[in-house]
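The structure appears right after this line, and notes come after that.
Read-outs throughout are calculated quantities, based only on the coordinates presented, and are distinct from any laboratory measurement. Computed from a predicted model, the values in this text were never measured in an experiment. All Cβ positions, even for glycine, are placed from backbone atoms using ideal geometry, and neighbour counts span all protein chains on display.
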Amino acid sequence: MTLWKLIFAGLVWVSSAQQNSLLPRAFQFQGASNRFITPNGDGKNDAAYFNFSNPQFSSITGRIFDLDGKRVASMAAGTPSAEQLVWNGKSDEGKIVSAGVYVYVIEAERSVVRGLVVVIR
């Protein structure tokens with residue numbers, strides 16, 4: 001198998017005879033790195049990180065809901081090439097949310113991923 005990279009103007013192209021089996025071609029959620037957060041500013045477990053691959057540079061959005069279905073916060077990827085969304089345990093108004101269980105929803109072109117994050121105070 002031959003694998004080569006071409007770097008031009010900050011962009012990277014990867015080519016291979018078996019490229020389709022090696023590299024993802026669409027959005028793939030890789031997991032939440034921290035599903036229990038304590039947003040108290042001590043630098044430990046202050047945020048939840050949602051990791052994904054985004055080879056097509058699809059628009060990725062994330063939302064956080066309470067268990068009543070009310071949207072609490074929104075997350076947006078800073079650039080089309082971003083591969084992570086972060087929720088810092090704050091509402092869209094900038095206030096630290098109450099302790100409890102929250103639902104995250106991450107949407108890409110044709111994919112929706114849901115899961116839970118627990119805020120501990």
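For this structure, a couple of remarks:
- Whole-Å semi-axes of segment 63-121's equivalent ellipsoid (Cα gyration tensor): 20, 14, 10
- Potential lengthening between Val86 and Gln56 on full extension [0.36 nm per residue; Cα-Cα distance subtracted]: 8.8 nm
- A cut-off under 10 angstrom between Cβ atoms defines the neighbours of Ser53, and their net charge, with Lys, Arg +1 and Asp, Glu -1, is 0.
- Phi to ³J(HN,Hα) by Karplus 6.51 cos²θ - 1.76 cosθ + 1.60 over segment 87-102, Hz, x for Gly, Pro: 10, 8, x, 10, 6, 4, 7, x, 9, 5, 6, 5, 4, x, 9, 10
- Charge sum, other residues only, whose C-beta stays under 13 Å from Val117's C-beta, Lys/Arg counted +1 and Asp/Glu -1: +2
- Segment Leu116-Phe65, length gained on full extension (0.36 nm per residue, minus Cα span): 17.4 nm
- Under-5 Å amide H pairs with Ile60, H placed in peptide plane, nonlocal only: Ala77
- Amide H within-cut-off set for Val72, under 5 Å, with H built and near neighbours excluded: Ile64, Phe65, Asp66
- Long-range amide H partners of Asp46 with built H, under 5 Å: Thr38
- Measuring r between the beta carbons of Ser74 and Arg25 and using R0 = 35 Å, the FRET efficiency lands at 0.80.
- Residues Ile96, Ile120, Ile64, sorted so that the one with the fewest Cβ neighbours within 10 Å comes first: Ile120, Ile96, Ile64
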